[in-house]
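Down below is the structure, laid out as structure tokens.
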Amino acid sequence: MSLSSFLLSPSCCEVMLPVSMPPPQCLKKRMVVPHRYMFGPGPSNVPRHILEAGAKPVIGHMHPEIFEIMSDIKSGIQYLFQTQNRTTFAVSGTGHTAMECAIFNTVESGESVLVAVNGIWGERAADMAERVGARVKTIVAPPGGYLTNAEIEKALSEHRPVLFFLAHGESSTGVLHPLDGIGDLCHKYDCLLLVDSVASIGGAPLYMDQQGIDILYTGSQKVLNAPPGTAPISFSERACRKVFSRTTKPVSFFLDLSWLSNYWGCDDKPARIYHHTGPVTAFYSLRESLAVLADEGLEKSWERHQKVAEYFHAGLESMGLKLFVKEKHARLPTVTTIVAPHGYDWKKITAYIMKTHSLEISGGLGPSVGLVLRVGLMGCNSSKANVDMVLAALKDALKHCHRSKV
């Protein structure tokens, strides 16, 4: 066959046709991202040194240097969670990914799941459990309130679930739910305790092992001040026994604990097998954020967040504003919910503050929509100087945003 005949044969290559879609003009413009004070319920501002960590050179997700960084992350999460659990790692994704990882691995179709609903995260957990065929029962806390241990035990006794879900820091309502004694109650009824600590970890005391928590997860973007995209999670030995004695495969390959535990070096296997391409630059940022927290120390971080929250709450009350969570001990130190000022459109308040002060606060979410304003001061953002900035912005907004005549 001649060269010309070979080049023209169908087996050689497809004829290259002109593209029908031109390059988008928007991509020819330089990307501009404004600086904002991220004082909503998350994500938080990311300090420069954490951003710089994420800008280090990309290396392979199976390289030994990455495994060393992942090992550092595991140790940092164990400190953050106060746990010695071997199966401790970071899911590639946001807090929702970790929530699904916990539920999808521990629950099989037809099993009973009990969900405490004290805001939107209980609603989301119930939805996820229903999607895997679980028989979901809920126990609902009053708005801005929490459940008593007696109420929880009654529901555990009645429904006999394999898993009980509870949000420790409910960012939609600003509630910090008490945890003491709940782990013991769950184990009394042969039930695993799953706790969402996305909005609370690092900002309020939590002891995974001591409080009998079987599965705990959080996100990278709140108190840790890392970019969104990684979600620390830990499974107790009790939880692992449930997961690895399943009769069916988890519904998600990506979130299958047997694969993830191997990738993170949490099992006894001598070699790690490729599962997915880990977000290596996000791992850099997460490691740095955990190092920052370890340098400050958990106790000091908890104390700082509490003192700043109390200072903020006093300032709000001096302005005549009301806090949504009435009981002081149940107020989340990281995310404060303010009763939406009577006569004002909350959307106009948040929009004015964003436009005038380049400062983000938000309205309610889920069951708190229209009822509250939410202010998050987490990690490096938790300072009295930032409280003063928020209070000044709120005073300005209340002065300039017109009251509704309704």
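Points to keep in mind about this one:
- R0 of 30 Å, Cβ-Cβ distance GLU65-GLU237: FRET efficiency to nearest 0.05: 0.50
- Computed lengthening from THR138 to HIS276, 0.36 nm per intervening residue step minus Cα-Cα distance: 46.2 nm
- A Förster radius of 25 Å, combined with the Cβ-Cβ distance separating ASP268 from ASP72, puts the computed FRET efficiency at roughly 0.75.
- Percent accessible area from carbon and sulfur atoms, the stretch 180-290, protein chains only, probe 1.4 Å: 53
- Within the accessible area of the stretch 328-406 (1.4 Å probe), percent carbon and sulfur: 58
- Efficiency of FRET between THR148 and TYR311 - r from beta-carbon atoms, R0 25 angstrom, step 0.05: 0.25
- Lysine pairs in the stretch 253-406 with Cα atoms under 18 Å, if 8 or more residues apart or on separate chains: 17
- Net charge of neighbours whose Cβ lies under 12 Å from the Cβ of SER382, counting Lys and Arg as +1 and Asp and Glu as -1: +2
- Label selected from (1) 25.0, 92; (2) 20.4, 58; (3) 24.0, 91, the criterion being Rg and Dmax of the Cα atoms in Å as computed here: (3)
- The chymotrypsin sites (Phe, Trp or Tyr not before Pro) of the stretch 167-260 meeting both criteria, a DSSP state outside H, G, I, E and B (loop) and at most 10 other C-beta atoms within 10 angstrom of the site's C-beta, are PHE253.
- Per residue, the average separation of C-alpha pairs within less than 8 Å and at least 6 apart gives the stretch 298-401 a relative contact order of 31 percent.
- Looking at the chain, the accessible area is 48 square angstrom per residue; that uses a 1.4 Å probe and ignores ligands, DNA and RNA.
- Counting 0.36 nm for each residue step from SER383 to GLU14 and taking away their Cα separation leaves a gain of 126.6 nm.
- GLU303-ARG30 pseudo-label distance in nm [points 7 Å out on the Cα-to-Cβ vector]: 4.6
The values are calculated or read from the model by the stated rules, or taken from the named source; none is laboratory data. Being a predicted model, the structure only gives us computed values, none of them experimental. Virtual Cβ from ideal backbone geometry, glycine too; neighbours counted across all protein chains shown. Remember, those area values only see protein heavy atoms, side chains included, never the ligands or the DNA or RNA. Shrake-Rupley method; radii C 1.70, N 1.55, O 1.52, S 1.80 Å.
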